[in-house]
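Encoded as structure tokens, the structure appears first; notes follow it.
The values are calculated or read from the model by the stated rules, or taken from the named source; none is laboratory data. Predicted model, so just to flag it, every value in this text is computed and none were measured. Please note: Cβ atoms are built from the backbone with ideal geometry, for glycine as well, and neighbour counts cover all protein chains shown.
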Amino acid sequence: MAVTFSLNQESGKWRVKIIGDGGEPFDVNDIDTVSIAFYKPDGTRFVKPGELVEDLPDNPGEFFIQYINDPPEESILDLIGKWEYSGAGTLVVTEAFFETSQRAVFWVL
């Protein structure tokens, strides 16, 4: 079943789980800032600030990057079609920007 949203829908929540290369929990102390990168059906990309959220009570020590599009912020879902998103962040020590290697897909109808 595909995740779908309505055009101009508000109060959407997007999450990307942070894991290490071997599938183990990632040390979030190494992360300075986090965000969610969105890819519209027309190919444009934009980034929204995220927050680190621990996966409690299910998986203590595991974290998600989360962004919630709540009012009074306007809806980000302004085009019908296939959207993609991924997590992104900046590492504390190297100040290197990273983006997750896989994108999740959702649809706006």
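Yes or no: segment 84-92 includes at least one residue that is within 20 Å of L109 (Cα to Cα), out of contact with any Gly (no Cβ under 8 Å at 6 or more places or on another chain), without any contact (Cβ under 8 Å) to a residue 24 or more places away in the chain and not small (G, A, S).
Checked against the condition, which is being within 20 Å of L109 (Cα to Cα), out of contact with any Gly (no Cβ under 8 Å at 6 or more places or on another chain), without any contact (Cβ under 8 Å) to a residue 24 or more places away in the chain and not small (G, A, S), segment 84-92 yields no hits at all.
Of the residues that sit in segment 65-88 and are aliphatic (A, V, I, L, M), out of contact with any Lys or Arg (no Cβ under 8 Å at 6 or more places or on another chain) and in a loop (DSSP other than H, G, I, E, B), which one is surrounded by the most Cβ atoms within 10 Å (Cβ to Cβ)?
Ranking the qualifying residues of segment 65-88, first place goes to L77.
Given V28, V105, which one is within 29 Å of S6 (Cβ to Cβ), of a type in the set (V, I, T) and over 10 Å from the mean Cα position of the chain (by Cα)?
Exactly one residue qualifies, and that residue is V105.
Quick check on segment 94-108. Is at least one of its residues in contact with a Pro (Cβ under 6 Å, 6 or more places away or on another chain) and in contact (Cβ under 8 Å) with a residue 60 or more places away in the chain?
no
For S35, work out the one condition from (1) closer than 24 Å to L79 by Cα; (2) out of contact with any Pro (no Cβ under 9 Å at 6 or more places or on another chain) it doesn't fulfil.
(2)
For D70, all conditions in the list (1) touching a Pro at 6+ places or on another chain (Cβ under 8 Å); (2) acidic (D, E); (3) touching a residue at least 24 places away in the same chain (Cβ under 8 Å) hold save one; what is the number of the exception?
Here D70 clears every test but (1).
Starting from residues that are among the acidic types (D, E) and in a loop (DSSP other than H, G, I, E, B), keep the ones in segment 20-37 and report whichever is modelled with the highest pLDDT.
Of everything passing the filter in segment 20-37, D27 is modelled with the highest pLDDT.
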